[in-house]
Number of protein chains: 2
Amino acid sequence: MSIVMHDLAGADPALRFSPYCWRTRFALAHKGLPVETLPWRFNDKAAIAYSGQGRVPVIRDEATVVADSWAIAEHLEDHYPTPSLFGNATARAHARFINAWADAVMMGGIARLIVHDIFDVIDPGDRDYFRQSREARFGMTLEAVQADRETRVEAFRESLLPLRVVLGRQAWLGGAAPSYADCIIAGTLMWPRCCSRFAVLAEDDPIAAWFEHMLDQYGGLARAAVQP
Amino acid sequence: MSIVMHDLAGADPALRFSPYCWRTRFALAHKGLPVETLPWRFNDKAAIAYSGQGRVPVIRDEATVVADSWAIAEHLEDHYPTPSLFGNATARAHARFINAWADAVMMGGIARLIVHDIFDVIDPGDRDYFRQSREARFGMTLEAVQADRETRVEAFRESLLPLRVVLGRQAWLGGAAPSYADCIIAGTLMWPRCCSRFAVLAEDDPIAAWFEHMLDQYGGLARAAVQP
C-alpha cells in the first residue's frame, strides 16, 4: 500500500503549492517511495482531524499517521533508511538549522512578495479564512503586504546570501548529492513557482541554477508541477 | 610536534578575541589536539606571509600550512578523523551552510554592536589600520557604527531565531553532542565576549544557556579565556 498524503490544493485541484507539502514530496521522491496525494483545502479540517492537528502535510503510512514536514522526514529516514536523506545523526541535526532558517527567513520573505497571488489561486471557499488570518498576521491588507514588491525583492534576495555562498562551493546543499537540505529549500521555492508569476530569484542567481537542477531531479517531478 | 597557530591578540597579548581563530581553537580542542598559539597583530603581515595570504587563523601542522577557519576544520577532520567534527560528508556540507550563515548574519550584526570596543582593546600599532579599514567598510566613524546599540541589539537578537529554534529542540547544534557547527557559533560568540562588556544576548535566551555549556566544554577552554 502506498503512502497517502494530504496536499494543499488551489481552486484547480491540480495546483499544489504548499512549501511544506513540497518538502515532503521531494523527500518521498528522494526515497523512491510512491505516494497518493489527496487535494486538501484550508477548510477541510475534518479530513485531517485524525492527525490530531489542522495543517498539512499529513501522511498515512500503513497504520502510522505523521504531520509536520520535519517529523515526516524523520519518519521516512527511520523507516526507509536508503537512499538516505541525512546519512548520520549529525547531518540530521545540522539540517534542522537549515529547516529553521528556511522557516524564519525564507517563508516570511516570500509571503511578503506573493501573498496576494496566493489568494488569487486558492479555492473560493478558502478565501475568507485566508484573507482574515493573513491580514491579522501582517497587520495590513493583502494588497498592502504585496505592494512595492519590485523594489523590496532585492532585500529578500540579499537575505539568501548564505545559500548563495554554499552553492558557489558545492553542487548541492547536501554536498556531492542532494540531501533533505535540498528538499527543504527547493520545497520552499516551489511555493512562489506554483502560485505566482513573480520572480523571487534573479535569473543569474546561482540559487536559480541549482533550483533548475532540483526541478529535474526525481524524474522531473517538480518541473512537471502545474503552475498558474 | 604540536600544531602552531597564529592567533589575533589585543594590546594585552593574552587577550584573544578573533571569532575565526576561536572556531579553530574549538575545533582543535574537539579533536584533543594540543596547540601552541602565537599572538599576532593586524600589522604582522610578514609573520604569516608564508601562508600566502594575510589573515588569521593560520596553522602549521608539521609541513602543512593551512589558512582560513573552514579549510582548517576540513584539514583537521581529514587528518585526525576522531573524534569527528562532522561524521560524514553530508554533515560537513550542511555545516558549510551554518558557517556561511554565521559569516553573513552574525559577523556583521555583532560588528555593528561592538566595533568601537574592539578598537579599544587592540594593539596601539593596529589602531590606524583598524579605524581606516572599518570606517571605509561601514561608511561612517567607529563611534557612529556603535551608536544606539542598546536599541539596535533587539534586531540582532531576532536575527538569531533559527539558532534559538534548533537549540530549543536539541542540546547541541550537532545534535546529542557538539559538532563543528557548535564550534562555528560559539567561536563567533567568543568575539564579543573577549573584546566587549556589551551583552549581545539576553540573559534568558536559550542561545546564552547553550553558550554557557560551550564555555565549559573541552576542560573549560573558553571559560578561561581572558576578558576585557
Out of (1) within 14 Å of another protein chain (Cβ to nearest Cβ); (2) outside any helix (DSSP H, G or I), the one residue B:109 does not meet is (2)
Taking the conditions exactly as written (out of contact with any strand residue (DSSP E or B) (no Cβ under 8 Å at 6 or more places or on another chain) and within 14 Å of chain B (Cβ to nearest Cβ)), does residue A:207 satisfy them or not?
yes
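Could you tell me whether the range A:3-17 includes any residue that is aromatic (Phe, Trp, Tyr), closer than 16 Å to residue A:195 by Cα and crowded, with 24+ Cβ neighbours inside 10 Å? Talk me through it step by step, then tell me what you get.
As a first pass, look at the range A:3-17 and keep what is aromatic (Phe, Trp, Tyr): A:17.
Next, only the ones that are closer than 16 Å to residue A:195 by Cα stay: A:17.
Within this subset, residues satisfying the condition of being crowded, with 24+ Cβ neighbours inside 10 Å are A:17.
Checked the range A:3-17: at least one residue is aromatic (Phe, Trp, Tyr), closer than 16 Å to residue A:195 by Cα and crowded, with 24+ Cβ neighbours inside 10 Å.
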Do we find that residue B:196 is within 23 Å of residue B:104 (Cβ to Cβ), in contact with an Asp or Glu (Cβ under 7 Å, 6 or more places away or on another chain), away from chain A (no Cβ under 12 Å) and not aromatic (Phe, Trp, Tyr) in this structure?
yes
Filter the range A:57-73 down to residues that are under 26 Å from residue B:85 (Cα atoms) and surrounded by 18 or more Cβ atoms within 10 Å (Cβ to Cβ) and give me whichever is farthest from the other protein chains (Cβ to nearest Cβ).
A:73
Could you figure out which of (1) crowded, with 18+ Cβ neighbours inside 10 Å; (2) touching a Phe, Trp or Tyr at 6+ places or on another chain (Cβ under 7 Å) isn't true of residue A:116?
(2)
In the list B:154, B:158, B:150, B:143, which residue meets the criterion of being of a type in the set (Asp, Glu) and within 14 Å of chain A (Cβ to nearest Cβ)?
B:158
Given the conditions (1) more than 14 Å from chain B (Cβ to nearest Cβ); (2) crowded, with 19+ Cβ neighbours inside 10 Å, and given that residue A:36 satisfies all but one, which numbered condition is not satisfied?
(2)
Kindly list, by first and then second residue, each pair from a residue in the range B:86-104 that is within 7 Å of chain A (Cβ to nearest Cβ) to a residue that is modelled with pLDDT under 95, limited to pairs with Cβ atoms under 6 Å and residues at least 6 apart or on different chains.
B:88/A:87; B:90/A:87
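Can you confirm whether residue A:171 is more than 15 Å from residue A:112 (Cβ to Cβ), more than 16 Å from the chain's Cα centre (by Cα) and within 14 Å of chain B (Cβ to nearest Cβ)?
Values: more than 15 Å from residue A:112 (Cβ to Cβ): yes; more than 16 Å from the chain's Cα centre (by Cα): yes; within 14 Å of chain B (Cβ to nearest Cβ): yes.
For residue A:171, the condition - more than 15 Å from residue A:112 (Cβ to Cβ), more than 16 Å from the chain's Cα centre (by Cα) and within 14 Å of chain B (Cβ to nearest Cβ) - is met.
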Evaluate the following for residue A:126: is it within 14 Å of chain B (Cβ to nearest Cβ), part of a helix (DSSP H, G or I), under 20 Å from the mean Cα position of the chain (by Cα) and among the acidic types (Asp, Glu)?
no
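The values are calculated or read from the model by the stated rules, or taken from the named source; none is laboratory data. Only a predicted model underlies this, so the values are computations on that prediction, with no experimental measurement involved. Counting neighbours? That spans all protein chains shown, and the Cβs are built from the backbone with ideal geometry, glycine included.
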